[in-house]
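Inspection log for the structure reproduced underneath, given as structure tokens.
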Amino acid sequence: MGNLIVYYSKNKDILKIVNKFIDLYNATTYEIETIEKVSFMQKLKGENVSIKRCNLNLLSYQNIILISPLWFDKVPIPVIRFLEQATGHINNIIYVLYNNNKEDHAEEFTKMDKILNLRRDKSYFVSINKKDIHVRVYQ
């Protein structure tokens, strides 16, 4: 198969980024969905959140492009849960992290690599101003 974009958050900025990467990678999409609504306090404290199980055969995709916001400069718990479920089921991953304060948090890439026991192919930080999406490559 081709490429799959896995994303978390219905935030309008995340959806802009997803659309940009759909065009770039000619990809289909899968949204990480939580079972329950995530409260502000769960986000702040990094409390456990359950997600719906992904029933796609992730190994059949050439690339998985994971697009996620950062919550308080950390990868959100629902994304961590997805990575835990996907461990051993991904051949190649590309990370795209959205953080509009323009601070890079490269340690989050390493954290995700450790969960997957896989070295990412590419990684990007993205910020958005009123008119444009800014993508910064990180390796």
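Just a few scattered comments:
- Breaking point among (1) exposed (fewer than 13 other Cβ atoms within 10 Å of the Cβ); (2) touching a helix residue (DSSP H, G or I) at 6+ places or on another chain (Cβ under 9 Å); (3) modelled with pLDDT of 85 or more, for Asn48: (3)
- Number of positions in the stretch 6-31 that are modelled with pLDDT of 95 or more and either under 16 Å from Ile80 (Cα atoms) or out of contact with any strand residue (DSSP E or B) (no Cβ under 7 Å at 6 or more places or on another chain) (or both): 4
- Scanning the stretch 115-139 for residues that are among the basic types (Lys, Arg) and modelled with pLDDT of 70 or more yields Arg119, Arg120, Lys122.
- Only one entry of Glu108, Glu103 meets the criterion of being farther than 14 Å from Lys122 by Cα and either touching a residue at least 12 places away in the same chain (Cβ under 8 Å) or crowded, with 20+ Cβ neighbours inside 10 Å (or both), and that entry is Glu103.
- Among residues of the stretch 23-37 that are of a type in the set (S, T, N, Q) and surrounded by 15 or more Cβ atoms within 10 Å (Cβ to Cβ), those with a beta-carbon under 8 Å from a residue that is assigned to a loop (DSSP other than H, G, I, E, B) and modelled with pLDDT under 90 at least six positions away or on a different chain give the pairs Thr34/Val49; Thr34/Ser50.
The values are calculated or read from the model by the stated rules, or taken from the named source; none is laboratory data. Note that this is a predicted model, so its numbers are computed, not measured. With ideal geometry, Cβ positions are generated from the backbone for all residues, glycine too; neighbour counts draw on all protein chains shown.
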